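Taking it in order: structure first as structure tokens, then the write-up.
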Amino acid sequence: MRKKEEVRKIEIQNRPVLKIEKTPLEIALNIISLLLFIGSVLYLLMEWPSLPNRVPMHYNFFGEVDKWGSKGIIFLHPIMGAVLWIGPTILEKFPHAYNYIVSLTEENIERQYKNGRIMINVVKNEILIYISYSIWKDVKIAYGHDIAFGTWDLALFLIVLFGSMGFFIVRSFRLR
């Protein structure tokens, strides 16, 4: 039986700050989600003058509107979208401060940093794309249109979101 190599674990206070270039996936997701978000905000601004005074504020489990509000409330979507995109964008710059599920070593630290940062990027962009869709959906529903995904959109979003997180967690173990 071979002796196990002594692997030095890197404690949080001793983690190096590495400069890791963004991957093409991160760049593409940022561009796509920002374009969709800007497009949905422009759509909202174009529709604003003719938007009914009542817009959907809340949906029940079945995707039906169960609370309506004044049309000004619809601007919470772009505000939330901006905050929920900018915050993680800043966080992406500090992968050395993340909590990791596996022990970091000199051999795996760059892979783990990159995996953690890509996970943050994917999740923030999935959230922004969903918020962009929600802006469009709320405008359409305010006009009285029926939306095909209405019942399943939140469930589908949560499956994609948690599926992505699960993928990167499993990937973290594989990148040990």
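Coordinate-derived values only; no laboratory data. Everything quoted here is computed from the prediction, not taken from an experiment. Please note: Cβ atoms are built from the backbone with ideal geometry, for glycine as well, and neighbour counts cover all protein chains shown.
Filter 67/124; 9/93; 22/137; 71/124 down to the pairs with a C-alpha to C-alpha distance above 30 Å, please.
On the way: 67/124 27 Å; 9/93 22 Å; 22/137 32 Å; 71/124 26 Å.
Distance filter (> 30 Å) returns 22/137.
Consider just the alpha-carbon atoms of the range 18-69 and return their Rg together with their Dmax, both in angstrom.
Every Cα atom of the range 18-69 included, Rg and Dmax give 17.6, 51 Å.
Viscosity 0.890 mPa s, temperature 25 °C: what is the translational diffusion coefficient of the range 57-101 from Stokes-Einstein with a Kirkwood Rh over Cα pairs, rounded to a whole number of µm²/s?
Values: Rh = 13.4 Å.
Taking Rh from Cα pairs, D becomes 183 µm²/s.
Residue 75 to residue 154: FRET efficiency via 1/(1 + (r/R0)^6), r the Cβ-Cβ distance, R0 25 Å, to the nearest 0.05? Could the numbers behind the result be given before it?
Values: r = 21 Å, r/R0 = 0.83.
Computed FRET efficiency for residue 75 and residue 154: 0.75.
When the gyration tensor of the range 1-159 is built from Cα positions, what are the square roots of 5 times its three eigenvalues, in whole Å, from largest to smallest?
On the way: eigenvalues 357, 55, 31 Å².
Semi-axes (√(5λ), whole Å): 42, 17, 12.
Could you give the length gained by full extension between residue 23 and residue 167, i.e. 0.36 nm per residue of separation minus their alpha carbon distance, to one decimal place?
On the way: separation 144, 0.36 × 144 = 51.84 nm, distance 1.73 nm.
Length gained between residue 23 and residue 167: 50.1 nm.
In the P(r) worked out for the range 80-175, what percent of Cα pairs fall beyond 22 Å?
Details: 1883 of 4560 pairs.
Distances greater than 22 Å cover 41 percent of the Cα pairs.
May I ask you to compute the full-extension gain from residue 174 to residue 48, defined as 0.36 nm times their residue separation minus their alpha-carbon distance, rounded to one decimal in nm? Spell out each step's value before the answer.
Numbers: separation 126, 0.36 × 126 = 45.36 nm, distance 4.88 nm.
Answer, rounded to one decimal: 40.5 nm.
Relative to 2.2 N^0.38 Å, what does the C-alpha radius of gyration of the range 18-104 come to as a ratio? Two decimals please.
That ratio works out to 1.52.
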